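Peer 1: Below you will find the structure I want to go over with you.
What follows draws every value from the coordinates through simple rules; no lab data is involved. Predicted model, so just to flag it, every value in this text is computed and none were measured. A quick note on method: Cβ atoms are made from the backbone with ideal geometry, for glycine too, and the neighbour counts reach across all protein chains shown.
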Amino acid sequence: MSSWPTFNSISLKQKFHHLSLETLYKSLTIFALSICLFYILILYNEPFNQFEHKSPSSSDVTDSPTNISHIMFVLVGSTRTWKFRRPYIESWWRENITRGNIWLDFAPPQEFLPWPSTSPRFRVNEDMTKLKVYPKLVSPNDVRIYRSILETFKLRDNKDVRWYVMGDDDTVFFVDNLVEVLGKYDHTKYYYIGTNSESIKSNFDFSFEMGFGGGGYALSYGLVEALATRIDDCIERYPYFRVSDILSASCSADLGVDLTIEKGIHQIDLRGDISGLLSSHPGSPLLTLHHFDTVNSYLPLQGPQTNWSFSISWGYSAHIYESLFPRSFLKKPLETFRPWKDVRPPLYMFNTRWPPYVDPCGAPHQFFLETVSSGDGEEVVTSYTRSSARNFPPCSVNGNHSAGCHLQNSSVFAFN
């Protein structure tokens, strides 16, 4: 019969006596780091790791380029605003080509029927009062807006869908550019693509880390598939949120997915004349515009030998300056617009330059897009017409002649 070895406490004390405190601390540190590494390895092997995840039920994963049929639009409106917002949607919606729905709070009244084929199909959101969390919701309508993503996914019209693109009923999408930009990303991974507001105050009031839904944002199929079974749990976690965009950003962030910025998306938290911003658009495709009700109308070279500067902005406007300016100067938006809210500076998320009210050399002659046509081969010709007289004398710094007397129209020739 075997017996347990005798425990010699005196011998053990003698061994520990020879250990220095430094050696003991090192041993404990190594042990703690080992435990941390163990948990990190477990965490990074979870299925929500963006860089490892592949959508198992997305059977359309191929190397083919993204096209318009791969985008599902999730547009949100209301019966109260539809009468006024319908023209915005129909300006870019392509009948029998673009895919998606306009989600409404109630069934449309008789005055909107029969529903036009030039608009997206309407869907009525589920009854929010049936949600278990409904009594706790601070803003049920914003939950309705966000859950439109889930309700779209539940329609099971997901064949070949790569992206779910969220927008308001007054968001205008430039669809071809959107297809091109989304094609840069792997839709099987987790992506949440949007942009901040132009207004510092709006970002401060809501979040600097969310995509503003008025400008629109895109969620990859992989992310929507993961969110679909968790959206209602996320809503129960955040019943106090007052804005659907914060809810969307938070639910994505809880899966480890942060906002990817695309500069071509525009919330347009500005007022008045925004031509100064649009005429200095950054070197990225225009994807969306928003808030048409709060801004002025969007649309109200050849000549003699001169030292003029020309600034052409993606088929929107042409500015001619009677002096030479570097690109670093011209790319800053002219502050023709007003802030979204009457607050103290700083106001905007970008640098601006003040319109030169007294300097004829810095005041541009403004021309706005009139026509676009195809020339010979791959040539594209855009024609611009003067919006109004500049009402400045000529710039005399370089002995220039005034552009006011010579030009009423301008043409730009572009080649692929």
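Peer 1: Using packing as a proxy for protection, rank 73-79, 149-155 so that the peptide with the highest average count of other Cβ atoms within 10 Å comes first.
Peer 2: 73-79, 149-155
Peer 1: Still on this structure: Give the shape of segment 68-261 as rounded, prolate or oblate, defined through the alpha-carbon gyration tensor: a ≥ b ≥ c are the square roots of its eigenvalues, a/c under 1.5 means rounded, and otherwise the shape is prolate if a/b is larger than b/c and oblate if not.
Peer 2: rounded
Peer 1: Evaluate the distance, in nm, between pseudo-label points positioned 7 Å from the Cα of ALA107 and of THR294 along their respective Cα→Cβ axes.
Peer 2: It is 3.5 nm.
Peer 1: At most 14 other Cβ atoms within 10 Å and a DSSP loop assignment: could you name the GluC sites (Glu not before Pro) in segment 157-257 that fit?
Peer 2: Those satisfying the criteria are GLU209.
Peer 1: Using R₀ = 25 Å, calculate the FRET efficiency as 1/(1 + (r/R₀)^6) where r is the Cβ-Cβ separation of PHE208 and ARG237; round to 0.05.
Peer 2: Using R0 = 25 Å, I get an efficiency of 0.75.
Peer 1: If you don't mind, another one. In what sequence, highest mean first, do 237-244, 189-196, 89-96 appear when ranked by Cβ atoms within 10 angstrom?
Peer 2: So the order, starting with the most tightly packed, is 189-196, 237-244, 89-96.
Peer 1: Relative to the Cα centre, what is the charge dipole magnitude of segment 153-226, using +1 at the beta carbon of each Lys and Arg, -1 at the beta carbon of each Asp and Glu, and rounding to the nearest 20 debye?
Peer 2: The dipole of segment 153-226 has a size of about 320 debye.
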